[in-house]
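Peer 1: Quick one: this structure, given as structure tokens, is what I'll be asking you about.
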Amino acid sequence: MIPALVLGLVVGIVLGVVGGGGSIIAVPALVYGVGMSPAQAIPTSLLVVGVSSLAALLPRVREGLNWPVIALVGTAGIPAAWGGAAVGRLLDPNILMLAFAVIMVAAGIRMLSRSRETEGSCSTGPHRSLRSCAPKAVGIGLLVGFLITPALTIFLGLRMKQAVGTSLAIIVINSAAGFSAHAAGYTIDWDTTMAFAVPAILGSLVAARLARRLKDKHIRISFAVLIFAVAVWVTAGTVTAGTVTA
């Protein structure tokens, strides 16, 4: 039970600070740290991350959210979540996890290479253009789920702090859609889920308030480092599991 408490707290802190990455950590944490099967870990992580993201979102509402982007990306993410769940049942879990790690490394490199904040057509600044923003936002919603924060900053031009709050709102929508896609035949392990969820919610609330004092650059670098670390963790765990199976 202690690993669930500690890892849940880590997930909540990450969500509160960077507005994403919770799912990146939650699934490996539940599989390798808590001992759940992947089939059980995925819907459990979606439930915990969705509720924790909602908690982390509340302190950021006053700072302003990009509601058009939330609507476009969130709506596009719903069918993507259902489609991803269907495809995921057909593919080898080890291949999926390794592909997951490769995508994380690529996103981390892009985050570090982004030397300064610039506003794009989806921002709330003077360069905003909903007409040119909409196709890109829908594409992001269809293709990107767990790396939503870097996607919002790199491809849509949102500043980091606004991207964090906006991504949290999108994660709430996508988590609900993903959980509904995995809900059939899923039985909640309430003891483990609550042990994981309660510290995640508390951690996200506290971290969201403290994150206001951090500079965008520091948040971006921290998120990139997190992505690299989890990519290594996922790769090592997948290779080890494949070796044991063989």
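The values are calculated or read from the model by the stated rules, or taken from the named source; none is laboratory data. Predicted model only: the values in this text are computed from it and were never measured. When we count neighbours, we look across all protein chains shown, and the Cβ atoms used for this are built from the backbone with ideal geometry, even at glycine.
Peer 1: Within segment 88-108, does at least one residue satisfy the condition of being among the acidic types (Asp, Glu) and in a helix (DSSP H, G or I)?
Peer 2: The answer is no; no qualifying residue exists.
Peer 1: Continuing with this model, one more query. Among the residues of segment 182-189, is any part of a helix (DSSP H, G or I), β-branched (Val, Ile, Thr) and modelled with pLDDT of 80 or more?
Peer 2: No, segment 182-189 contains no residue that is part of a helix (DSSP H, G or I), β-branched (Val, Ile, Thr) and modelled with pLDDT of 80 or more.
Peer 1: With Ala211, Ala241 as the choices, which residue is modelled with pLDDT under 75 and surrounded by 17 or more Cβ atoms within 10 Å (Cβ to Cβ)? Let's see the steps before the verdict.
Peer 2: Details: Ala241 fails: surrounded by 17 or more Cβ atoms within 10 Å (Cβ to Cβ).
Sole residue among the options that is modelled with pLDDT under 75 and surrounded by 17 or more Cβ atoms within 10 Å (Cβ to Cβ): Ala211.
Peer 1: List pairs: first in segment 64-80 and outside any loop (DSSP other than H, G, I, E, B), second among the polar types (S, T, N, Q), Cβ under 6 Å, 6+ apart or cross-chain?
Peer 2: Note: pairs meeting the criteria are Val69/Thr166; Ile70/Thr166; Gly77/Asn174.
Peer 1: While we're on this one: Could you look through segment 159-172, keep only residues that are farther than 16 Å from Ala76 by Cβ and of a type outside the set (Gly, Ala, Ser), and pick out the one that is modelled with the highest pLDDT?
Peer 2: Among those residues, the one meeting the criterion is Leu168.
Peer 1: Moving to a separate point now. Output yes when any residue across segment 87-106 is more than 22 Å from Pro43 (Cβ to Cβ) and modelled with pLDDT under 75, and no when none is.
Peer 2: no
Peer 1: Would you check if Pro43 is assigned to a helix (DSSP H, G or I), at pLDDT below 80 and not polar (S, T, N, Q)?
Peer 2: So Pro43 fails the test.
Peer 1: Quick one: is Val144 within 20 Å of Val11 (Cβ to Cβ), modelled with pLDDT of 80 or more, in contact with a helix residue (DSSP H, G or I) (Cβ under 8 Å, 6 or more places away or on another chain) and not basic (Lys, Arg)?
Peer 2: The answer is no for Val144.
Peer 1: Being buried (at least 24 other Cβ atoms within 10 Å of the Cβ) and under 14 Å from the mean Cα position of the chain (by Cα), is that true of even one residue in segment 60-77?
Peer 2: Checked against the condition, which is being buried (at least 24 other Cβ atoms within 10 Å of the Cβ) and under 14 Å from the mean Cα position of the chain (by Cα), segment 60-77 yields at least one hit.
Peer 1: Consider Val138 carefully, then state whether it is over 25 Å from Leu205 (Cβ atoms), in a helix (DSSP H, G or I) and modelled with pLDDT under 75. Steps first, answer last, please.
Peer 2: Values: over 25 Å from Leu205 (Cβ atoms): yes; in a helix (DSSP H, G or I): yes; modelled with pLDDT under 75: yes.
Yes, satisfied.
Peer 1: Can you name every residue in segment 2-32 that is surrounded by fewer than 21 Cβ atoms within 10 Å (Cβ to Cβ), over 14 Å from the mean Cα position of the chain (by Cα) and under 26 Å from Asn94 (Cα atoms)?
Peer 2: Pro3, Val6, Tyr32
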